[in-house]
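Single-structure report; data block below.
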Amino acid sequence: MFKRIATSRKARLSFDFEGHRLEAEDGDTVAAALLLAGERVLRSTAVSASERGPFCLMGVCFECLVEIDGIPNRQACMVKVLPDMRVRRQRGAARVGSI
Amino acid sequence: MSAYDVAIIGAGPAGMAAAVEASRAGFSVVVFDEQDAPGGQIYRAIERADAGRLALMGEDYATGRALAEAFRTSSAVYMPGTIVWNVDASLRINYSGATGSGEVTAGSVIIATGAMERATPLPGWTLPGVMTAGALQILLKAHGLVSDDTVLVGCGPLLFLVAQQMTEAGSPPRAVVETAAPGALRRALPHFFGALRAPAYLRKGLAMIRQLARAGVPVYRHAQAVAIEGREAAEAVSFTIKGQRHRISAGTVGLHQGVIPNQQITRLLGCEQDWSASQRCFVPRLDPFGETSIQNVYVTGDGAGIGGAVSAALGGRLAALRIAARAGKATTGEARSVMARLARDRAIRPFLEALYAPSDEVLMPADDTLVCRCEEVTAGQIREAVALGAPGPNQAKAFLRCGMGPCQGRICGPVVTEVIAAARRTRQDAVGYYRIRPPLKPLSVAEIAGLAPAAEGQPLD
């Protein structure tokens, strides 16, 4: 389990993940906020539906793809949390109809 | 469309130093970077770090602040949060960012896109909870997050640095499982006296290892047959030492087998590459100033071959000084002094490269281990493709789709080359690499469509 090492004075904000309210700090990426909330599974693969979570956290591996505000294939490690953002796991391949 | 004298891709130490030097020389400079703040991965979040974070990450990290300040006050046009998705032979650059897509041209291009972690294909490495050691460091550095159930696995200086920083943060890893084979130290020793030319690195390494011992972090050496166990996510790491099987429970696993140059842009441009046996990766063929086989295209920093942050900043300056010299400015004396400092700083590398050579287990994964994480292709399937006549990565890709997923082969590419070279009993450079094509990152159709006429005359900032 991840925890935050210091109480910080950064602004707090909340966002939505799969219908739950989660807290984040200003500056957190979506991937970091989800890991802190204990959410390790962010997507399932298009090939075998096996579950995946953040791996490189620097935009290289594309394992942390999620749907953010209705747009699929977003890299959770490259997107900063914004207030009231709606984040969902990406199950399998993104469908054109879902965009 | 805007035209710049120098376009720099990447705002880590190499890119920032190049931008500062090129601006000082009077050039118009643009810097593209994927992150929203300067620093690259090594100095990530350096501007936001408070005193506590700086103390935790150590002196070497803190030195990035001065460079970031110099970069901010330079006259370079800085484009954060921007992905470069194409660079063509006429040095036209396409990018996409918050303000949409755009295009610039440049007289010279400095590629400073740094390094990425070498892929570590092991049984269970795709399970959620398994990350790279670098990823764990990013969480600590940029977000102050540390996990209390971590096992670190692999080899290389970063593995010990992350262990030490986690310990300092109050959550030491449960264990460090080192995969370096017995005899690595013996192979590294001939390079030891060379390494003494850069004694600060040796001192830092020893201090790190001592601190781990004081904190009581168990270090397992010469581990083999490493596997990550778990059904839906990581639950434990198991491995064998001297015939004995060990198992340590872990919800977070940090894997590391060294870092390698990020080669997407140099491959896209068709820059000549050489196989580095000591770094065990492809490196772009460069002249002493960092110029590639394509005129006016430079590579500096870890993308030019792994050298670390200090070398990266020196290399960035050197490339900018070379461009200034080409434009008729007197820079010879300065360039010579930068080169001398670069040689001293790099003196540690042959020792580290021999001591922390990646383990055979990740270079030659077992048949049923996944190599391409995106398209879920195993090492065995790649060997089958070779047996059926696939001579290299591009044919394996056509047979199996390896390298065709969203990461575009970044993670599996180097492993696929290794697996095919071993199967064909030939050299890695005889096998080659995936052909890299634009766009360098997946784009939406809207991002491409937005480029055409609207990009003309679009303000850059």
Exercise. Out of the range A:1-61, which trypsin sites (Lys or Arg not before Pro) are coil in DSSP terms and have no more than 11 other C-beta atoms within 10 Å?
Worked result: A:R9
Exercise. Using 7 Å Cα-to-Cβ label points, what is the B:R247/B:A181 separation (nm, one decimal)?
Worked result: 2.9 nm
For this session: Might you list the cysteines of chain B that have no disulfide-compatible partner by the rule of another cysteine's Cβ under 4.7 Å?
Result: B:C155, B:C271, B:C281, B:C374, B:C407
For this session: For B:M1, B:M116, A:M1, give the ranking by accessible area with the largest first, probe 1.4 Å.
Result: A:M1, B:M1, B:M116
For this session: Return a whole-number percent for the relative contact order of the range B:261-374, with Cα pairs under 8 Å and 6 or more residues apart as the contact set.
Result: 19 percent
Seminar exercise, completed: Projecting the Cα atoms of A:V81, B:A62, B:A422 onto the charge dipole of the protein assembly as shown, where Lys and Arg contribute +1 and Asp and Glu -1 at Cβ, the residue farthest towards the positive end is B:A422
Exercise. When the dipole is taken about the Cα centre of the range B:51-196, and only Lys, Arg (+1) and Asp, Glu (-1) are charged at their Cβ, what size is it in debye, to the nearest 20?
Worked result: 200 debye
Seminar exercise, completed: Neighbours of B:H256 by Cβ distance under 9 Å: Lys/Arg at +1, Asp/Glu at -1, summed charge 0
For this session: Go through B:L440, B:L342, B:G450 and say which Cα lies farthest out towards the positive end of the charge dipole of the protein assembly as shown; charges sit on Cβ, +1 for Lys and Arg, -1 for Asp and Glu.
Result: B:L342
For this session: For the range B:222-311, run through the GluC sites (Glu not before Pro) and keep only the ones in DSSP coil with at most 14 other Cβ atoms within 10 Å of their Cβ.
Result: B:E232, B:E272
Seminar exercise, completed: Projected onto their principal axes, the Cα atoms of chain B stretch, largest extent first, over whole-Å spans of 65, 52, 40
Seminar exercise, completed: Dividing the helical contributions, -39500 (n - 2.57) per DSSP H run of n ≥ 4, by the residues of chain B yields a 222 nm value, nearest 500 deg cm²/dmol, of -10500 deg cm²/dmol
Exercise. Which whole number gives the average count of other chain Cβ atoms within 10 Å of the Cβ atoms across peptide B:231-240?
Worked result: 1
Seminar exercise, completed: Ignoring ligands and nucleic acids, chains A and B bury, in total, an accessible area (1.4 Å probe) to the nearest 100 Å² of about 3500 Å²
Exercise. In percent, what relative contact order does chain B have, based on Cα pairs under 8 Å that are 6 or more apart in sequence?
Worked result: 19 percent
Exercise. Which whole number gives the average count of other chain Cβ atoms within 10 Å of the Cβ atoms across peptide A:30-43?
Worked result: 3
Seminar exercise, completed: With a 1.4 angstrom probe the carbon and sulfur portion of accessible area for the range B:105-194, in percent, totals 62 percent
For this session: Report the residues of the range B:323-348 in range of a label on B:E59: point 7 Å along Cα→C-beta, backbone N strictly under 17 Å from it.
Result: B:345
Problem set entry | Positive-pole candidate from B:G392, B:L370, B:A223, dipole of chain B, charges at beta carbon | B:A223
For this session: Please report, in debye to the nearest 20, how large the charge dipole of chain B is about its Cα centre when each Lys and Arg carries +1 at its beta carbon and each Asp and Glu carries -1 there.
Result: 1360 debye
Problem set entry | Length-normalised contact order of the range B:1-95 in % [C-alpha pairs under 8 Å, at least 6 apart] | 31 percent
Exercise. At a probe radius of 1.4 Å, what is the per-residue accessible area of B:T300, in Å² to the nearest 10?
Worked result: 10 Å²
Exercise. Given a 1.4 Å probe and the protein chains all in place, what does the accessible area of B:D287 round to, in Å² to the nearest 10?
Worked result: 50 Å²
For this session: Could you tell me which Cys residues in chain A have no other cysteine's Cβ under 4.7 Å from their own Cβ, answering none if every one has a partner?
Result: A:C64, A:C77
Problem set entry | Largest-first ordering by accessible area, 1.4 Å probe, given options B:H191, A:H20 | A:H20, B:H191
For this session: Over the Cα atoms of the range B:201-310, compute the convex hull volume and normalise it per residue, giving Å³.
Result: 173 Å³
For this session: Mind putting a number on the dipole of the protein assembly as shown about its Cα centre? Charges go on the C-beta only, +1 for Lys and Arg and -1 for Asp and Glu, and I need it in Debye to the nearest 20.
Result: 1240 debye
Exercise. What does the convex hull of the alpha-carbon atoms of the protein assembly as shown project to on average, in nm²?
Worked result: 24.6 nm²
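The values are calculated or read from the model by the stated rules, or taken from the named source; none is laboratory data. Remember, it's a predicted structure, so these values are computed and weren't measured experimentally. Here the Cβ is made from the backbone with ideal geometry for all residues, glycine too, and neighbour counts use every protein chain on show. Just so you know, the surface numbers come from the protein's heavy atoms only, side chains and all, with ligands and any DNA or RNA stripped out. Shrake-Rupley method; radii C 1.70, N 1.55, O 1.52, S 1.80 Å.
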